[in-house]
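Reading through the structure tokens given below for one structure.
Here, each number is a calculation from the coordinates, and none is a lab measurement. Only a predicted model underlies this, so the values are computations on that prediction, with no experimental measurement involved. Cβ coordinates were reconstructed from backbone atoms using ideal geometry, including for glycine residues, and neighbour counts include every protein chain displayed.
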Amino acid sequence: MEITRETDYAIRTVLYLSKMADYKAFSAEISQNMQIPKSFLRKIAKKLEKAKIVQLVRGVKGGIRLIKSPREITLYDVILATENQISLNRCLVNKQICGLHQYCPVHPVWIKIRNKLIDALREINFAELSREGATS
């Protein structure tokens, strides 16, 4: 499984905001420090806002602000905000894609692995990630 560039940028954005004292920063600051193109950051910020992870604040003192504390935001939340689902194989998204799912011995294995991955991603929050990044 490989995450998209958009998801990587979304994770970087939330991680950067998690390290800020008030969980808020200007878009230009995030863009520069996390090496995210400004136009891409706007698109990502809108998806994070729709997922109720950030609030976009307009105006002179505006920027992007986390709505929740970093402890309440998991990697799963951010990945889901950009990817809409976590899947290892197309058949997990739509069983009709593969006519073998009813008797395929691998299908249940993909489901089990996906569920374990989701559980692991739900255990990792941005408070932990921001602490780990500070020490490495």
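Work through the residues other than residue 68 whose Cβ is under 10 Å from its Cβ and net out their charges, Lys, Arg +1 and Asp, Glu -1.
0
Would you compute, from DSSP H runs of 4+ residues alone, the mean residue ellipticity of the chain at 222 nm, taking -39500 (n - 2.57) per run and dividing by the full residue count, rounded to the nearest 500?
It comes out at -16500 deg cm²/dmol, rounded to the nearest 500.
When N counts the residues of the chain, how does its alpha-carbon radius of gyration compare numerically with 2.2 N^0.38 Å, as a ratio?
This ratio for the chain stands at 1.20.
For a quick check: with amide H placed at 1.01 Å from N, whose amide H comes under 5 Å from residue 63's, ignoring anything fewer than 5 positions away on the same chain?
The list, which skips near neighbours in sequence, is 57, 58.
Using only Cα atoms, tell me the angle between helix 107-123 and the longest principal axis of the chain; keep it within 0 to 90° and round to the nearest 10.
It is inclined by approximately 20 degrees.
Indicate the gyration tensor shape class of the range 9-71 (rounded, prolate or oblate), computed on the Cα atoms with a ≥ b ≥ c the square roots of the eigenvalues: a/c under 1.5 is rounded; otherwise a/b larger than b/c is prolate and the rest oblate.
Judged from the Cα gyration tensor, the range 9-71 comes out rounded (a/c under 1.5).
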